[in-house]
Amino acid sequence: SLMLTGGRHVCPVAVLFSGNARRTGAYATPEALTTALQDALYDSDWLPFERFEDSAAKIKNGELRLHGESYRALVVPPTEGIPLATLEKVRAFYEAGGVVIGYGRLPTQSLTPGRTASDIAALRAALWGADAQPGLAVCRTSAKGGRAYFLPETPTPSDLAGVLSGAKVAPPVRLMAGQTDGWIHALRRVDREGRDVLLVVNQNTNREARALSLS
């Protein structure tokens, strides 16, 4: 605990979420997705729509920067409704070179008064194309190297690892040899003196010991 105190947390993935969107149509909460990310050795932060829309969340060089963190990938939840400003900023992130991941469902309805489903459809098409189907292939790429994916409803850890590594989004640690079976999780911090601190957690308590090589 002392070694993880202070400094700043470092992780590559931000997962958008909204309690309000859950009350206005179909919506899946992020627990299952973030568990799969952890099992793939990727750490993530949950980011409310409102904080993402705020001017403090800056987009620069294909990254989303907020409170000392720099996110290379942004996950859009499988939600029926979404505020127009949220999806507009997702598009700006993609156009600046960021990696955008949707899964299961793409938004169809506007949660912004005075804006309609057609406004959402135009943004959705700009990100994923007009007829995106779930899969592991990239849907669209931007002029600055942004990539947009539309994954199946329940992406596996290997699905997520393949997509993120293919998009050059690095995890805190990389498995070089052996099998984790989803039991190994990792968290990275940088302390006040700029030194990396890695917490690597082995939750395999019920099986035989195994050898792993991590980088």
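The values are calculated or read from the model by the stated rules, or taken from the named source; none is laboratory data. From a predicted model like this one, the values you see are computed outputs, not experimental measurements. Note that we place each Cβ from the backbone using ideal geometry, even for glycine, and neighbour counts take in every protein chain shown. When the accessible area is computed, the model is the full protein with side chains, heavy atoms only, and any ligands, DNA or RNA have been set aside. Shrake-Rupley method; radii C 1.70, N 1.55, O 1.52, S 1.80 Å.
A few comments on the model shown:
- Net charge contributed by nearby residues that have their C-beta within less than 12 Å of ALA121 (K/R +1, D/E -1): 0
- Relative contact order for the chain, counting Cα pairs under 8 Å that sit 6 or more residues apart, in percent: 23
- Note on the chain: helix-only mean residue ellipticity at 222 nm, from DSSP H runs of 4+ residues weighted -39500 (n - 2.57) and normalised by residue number, equals -6500 deg cm²/dmol.
- For the chain, a simple Cβ point-charge model (Lys and Arg +1, Asp and Glu -1, everything else neutral) yields a dipole of about 420 debye relative to the Cα centre.
- Using C-alpha pairs under 8 Å with a sequence gap of at least 6, the mean separation divided by the residue count of the range 126-215 gives a relative contact order of 21 percent.
- Spatially, the range 140-215 and the range 8-46 are offset by 15 Å when compared through their Cα centroids.
- Helix 157-166 and the long axis of the chain differ in direction by around 80°, with both axes built from C-alpha atoms.
- Estimated inter-spin distance, HIS9 and VAL197, nm [label 7 Å along Cα→Cβ]: 1.4
- Gyration tensor (alpha-carbon) shape descriptor, the range 1-132, a/c threshold 1.5: prolate
- Carbon/sulfur fraction of accessible area - the range 60-186, other protein chains in place, 1.4 Å, %: 50
- Computed over protein heavy atoms with a 1.4 Å probe, the accessible surface of the chain works out to 51 Å² per residue.
- Per residue, the average separation of C-alpha pairs within less than 8 Å and at least 6 apart gives the range 1-114 a relative contact order of 30 percent.
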